[in-house]
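A quick write-up on the structure given underneath.
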Ligand SMILES: Cc1cc2nc3c(=O)[nH]c(=O)nc-3n(C[C@H](O)[C@H](O)[C@H](O)COP(=O)(O)OP(=O)(O)OC[C@H]3O[C@@H](n4cnc5c(N)ncnc54)[C@H](O)[C@@H]3O)c2cc1C
């Protein structure tokens with residue numbers, strides 16, 4: 001089957017795949033991975049591409065000249081592990097936001113602040129998905145993977161996943177080898193059997209809920225509030241709204257060792273350890289959106305003929321206005337990176353995975 005990968009990405013961008021497989025069962029995924037072993041003795045190269053919801057991918061206009069496997073497995077299982085906690089395992093192809101809604105509907109809390117994020121469950125541990133003060137790392141107990149290097153299924157604990165801000169051992173392995181070493185088969189979460197949310201940690205969310213930071217409210221209320229905040233920023237996928245033809249935030253928030261490296265006015269946030277929640281001393285995070293705005297790029301900024309632009313609702317999202325090519329998005333991204341670097345001496349790092357293209 002040959003198809004344009006644009007059909008599978010929220011950017012609506014990407015040329016054809018050499019071969020496209022849809023993995024609807026766990027056996028199909030494992031067989032595909034066994035048929036595509038990873039050998040580090042060969043020159044590392046992107047030899048396969050796994051796609052979940054395609055919401056964190058920028059694929060080249062020329063497509064991907066190797067096998068693509070779309071993860072489409074479904075299924076959720078639950079076991080009560082204590083008086084207060086339930087262990088929930090979801091297959092990788094489950095839709096993330098539907099899964100969050102399902103857990104809340106079962107009276108389980110923890111994932112509410114991560115409502116409205118597009119994509120699949122299986123992709124969430126890869127970049128330690130986070131929003132509104134919560135990261136999946138806090139709730140994940142283990143991840144079941146097929147390790148293409150070892151040729152076997154493995155269970156990686158939260159500690160082995162070495163989560164960091166928008167990263168994990170899974171992502172670092174991919175960056176090291178230039179291709180996916182691990183196929184995520186399922187993800188296991190420990191959630192609270194409680195109608196109450198985790199303490200609200202994000203100032204804008206607290207204000208929208210009219211509570212103090214640290215207070216809990218009904219978890220379903222957090223979900224409603226987060227989705228409405230996200231929608232106002234174009235951060236809920238809506239095919240009719242070009243502000244959402246994106247990969248969400250295009251750049252990660254820079255982290256520096258010396259706060260003096262940051263412009264005096266730039267916001268400063270502590271960097272926390274995703275598992276313990278404790279502050280990592282000596283590291284400071286700033287806002288990529290602030291840097292972009294203060295380097296002179298406002299909402300809606302575009303280059304060339306305007307086929308790609310910054311979202312009209314949020315400077316951190318690069319968007320396809322309907323007729324863009326991947327090259328248009330790359331040109332826009334390069335302009336923003338160069339502008340921020342010239343003004344502040346900080347090189348922004350892209351968040352999405354680039355396939356057969358680069359900045
Ligand atoms: C409007 C919008 C808002 C967003 N908001 C947020 C946000 O608030 N916070 C946030 O963290 N992210 C956000 N994102 C980014 C994105 O939704 C997340 O990173 C999401 O987890 C990606 O899931 P996916 O299934 O779409 O992954 P894909 O885009 O399909 O893939 C992303 C990467 O993961 C790999 N991958 C996917 N599934 C598997 C698997 N099962 N096994 C191995 N590798 C796999 C792919 O090969 C690729 O490298 C947003 C994106 C959009 C479009």
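Anything in the stretch 50-66 that is near the ligand (Cβ under 6 Å from one of its atoms) and either farther than 18 Å from residue 32 by Cβ or in contact with a strand residue (DSSP E or B) (Cβ under 6 Å, 6 or more places away or on another chain) (or both)? List them, or say none.
50, 51, 52, 53, 55, 56, 57
If you go through the stretch 322-331 one residue at a time, how many are surrounded by 18 or more Cβ atoms within 10 Å (Cβ to Cβ) and over 14 Å from residue 357 (Cα atoms)?
Adding up the residues that qualify gives 1.
This table checks each residue for (1) assigned by TED's automatic domain parsing to the domain that holds residue 199; (2) within 16 Å of residue 318 (Cα to Cα).
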site	(1), (2)
217	yes, no
248	no, yes
253	no, yes
256	no, no
263	no, no
267	no, no
272	no, no
275	no, no
290	no, yes
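With the condition kept exactly as written, say whether any residue in the stretch 82-98 is without any contact (Cβ under 8 Å) to a residue 60 or more places away in the chain, away from the ligand (no atom under 13 Å from the Cβ) and not in a loop (DSSP other than H, G, I, E, B).
Within the stretch 82-98 (the criterion being without any contact (Cβ under 8 Å) to a residue 60 or more places away in the chain, away from the ligand (no atom under 13 Å from the Cβ) and not in a loop (DSSP other than H, G, I, E, B)), the answer is no, since none of the residues qualifies.
Between 244, 224, which is buried (at least 20 other Cβ atoms within 10 Å of the Cβ) and modelled with pLDDT of 95 or more? Walk me through how you get there before you give the answer.
On the way: 224 fails: buried (at least 20 other Cβ atoms within 10 Å of the Cβ).
Just a single option satisfies the conditions, and that option is 244.
Since residue 260 meets every condition but one in (1) in a loop (DSSP other than H, G, I, E, B); (2) away from the ligand (no atom under 13 Å from the Cβ), which condition does it not meet?
(1)
Would you confirm whether or not the stretch 69-79 contains a residue that is more than 19 Å from residue 10 (Cα to Cα), buried (at least 17 other Cβ atoms within 10 Å of the Cβ), more than 18 Å from the chain's Cα centre (by Cα) and within 10 Å of the ligand (Cβ to nearest atom)?
Looking only at the stretch 69-79, we keep the residues that are more than 19 Å from residue 10 (Cα to Cα), and these are 73-79.
Of the ones still in play, those that are also buried (at least 17 other Cβ atoms within 10 Å of the Cβ) are 73.
Keeping just the survivors that are more than 18 Å from the chain's Cα centre (by Cα) gives 73.
When the remaining residues are screened for being within 10 Å of the ligand (Cβ to nearest atom), the result is 73.
Among the residues of the stretch 69-79, at least one is more than 19 Å from residue 10 (Cα to Cα), buried (at least 17 other Cβ atoms within 10 Å of the Cβ), more than 18 Å from the chain's Cα centre (by Cα) and within 10 Å of the ligand (Cβ to nearest atom), which makes the answer yes.
Report those strands (runs of 3 or more DSSP E) wholly inside the stretch 114-217 carrying at least 1 residues which are within 11 Å of the ligand (Cβ to nearest atom) and within 23 Å of residue 70 (Cβ to Cβ).
Values: elements: 140-147, 152-157, 182-193.
It comes to 140-147, 182-193.
Yes or no: residue 282 crowded, with 21+ Cβ neighbours inside 10 Å, closer than 27 Å to residue 162 by Cα and out of contact with any helix residue (DSSP H, G or I) (no Cβ under 9 Å at 6 or more places or on another chain)?
Values: crowded, with 21+ Cβ neighbours inside 10 Å: no; closer than 27 Å to residue 162 by Cα: yes; out of contact with any helix residue (DSSP H, G or I) (no Cβ under 9 Å at 6 or more places or on another chain): yes.
It is false that residue 282 is crowded, with 21+ Cβ neighbours inside 10 Å, closer than 27 Å to residue 162 by Cα and out of contact with any helix residue (DSSP H, G or I) (no Cβ under 9 Å at 6 or more places or on another chain).
Any chance you could count how many residues in the stretch 218-257 are touching a helix residue (DSSP H, G or I) at 6+ places or on another chain (Cβ under 6 Å) and either more than 16 Å from the ligand (Cβ to nearest atom) or outside any helix (DSSP H, G or I) (or both)?
Going through the stretch 218-257 one residue at a time, the tally reaches 8.
Filter the stretch 306-326 down to the residues that are assigned to a loop (DSSP other than H, G, I, E, B) and touching a helix residue (DSSP H, G or I) at 6+ places or on another chain (Cβ under 8 Å) and list them by number.
Of the residues in the stretch 306-326, the ones assigned to a loop (DSSP other than H, G, I, E, B) are 306-307, 311-317, 321-325.
Selection gives 307, 311, 312, 313, 314, 315, 316, 317, 321, 322.
The values are calculated or read from the model by the stated rules, or taken from the named source; none is laboratory data. Remember, it's a predicted structure, so these values are computed and weren't measured experimentally. Note that we place each Cβ from the backbone using ideal geometry, even for glycine, and neighbour counts take in every protein chain shown.
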